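Please treat every number below as a calculation from the coordinates, not as lab data. Please read these numbers as outputs of a predicted model, since none were measured by experiment. Here the Cβ positions follow ideal geometry from the backbone for every residue, glycine too, while neighbour counts run over all protein chains shown.
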Amino acid sequence: MLSPRRALVLLLSLILAFQLFSQVRRARTPLPVAIATGQVQVSIRGTGASSGDSIKLNIAKRPAAAAGPLEISVPPGTILSNGNSAGQNMVVGEVLGRMVSESSYIPASHIELSGKSAVDYALTAFCLNFEKDNPSDTDTFRAEEPDATLACIMKNSAQLSVAARQAAVWIHTDNINYAHMNRKFSVSAQEFSQGRDVVNGCR
């Protein structure tokens, strides 16, 4: 018969093993991979905003997905290619949460699909092409593999303001100076400087 102490150690070991096993089983699949392998069906649309809370992702499991819950990550730096050639492409910052209405969401860092019904998620994203039009709420996007430098910019700017993060993206993609940027997009000198510092650290 096991002593109480040995029994407790065995129980804790089993709990730890189960948690590790669950983590392995529920490894998150990057969104571009999930789409390419036919695990999910998605519709990616703009919200009418050019920066920040600017993308709505409608997503559902497809028959090709394995049974049980499916966890999807949207890596920072994921490129969203705009189906409207006149509109800007975008880069994802992070998942904000699962939408419960047109203006609110339950915070979440990744996508969870447990049933067959489609769900909506809000994403933070930023425009990539300064001289093109801002995306409209009718623009649709295609998810592509993350860009390494933009991924670094998104991660390292996560604590900055929306304006500073957007400035960082355009400084990297279009080499826009402060005066030129302010003709179209309002950003303070401090925010521009913060964005430039992030870019310099990622190049």
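Sorted into 10 angstrom bins from 0, the C-alpha pair distances of segment 65-106 split as 22, 31, 40, 6, 0 percent.
In straight-distance terms, cross-link reach from Lys61 covers every one of the lysines whose alpha-carbon lies under 30 Å from its own, apart from those fewer than eight places away in the same chain; here that gives Lys116, Lys155.
Selection among Phe192, Gly68, Leu113 by position relative to the dipole of the chain gives Gly68 as farthest towards the positive end (Cβ unit charges, Cα centre). Comparing Gly68, Gly52, Gly97 in a Gaussian network model of the chain, where Cα atoms under 10 Å apart are tied by springs, the biggest mean-square fluctuation is seen for Gly68. Grab the DSSP H runs of the chain that are 4 residues or longer, score each as -39,500 (n - 2.57), total them, divide by all residues and round the 222 nm result to the nearest 500 deg cm²/dmol. Mean residue ellipticity, 222 nm, calculated: -10500 deg cm²/dmol. Partnerless cysteines in the chain, where a partner means another cysteine C-beta under 4.7 angstrom, comprise Cys127.
Over all pairs of different C-alpha atoms in the chain, the reciprocal of the mean inverse distance, the Kirkwood hydrodynamic radius, equals 18.5 Å.
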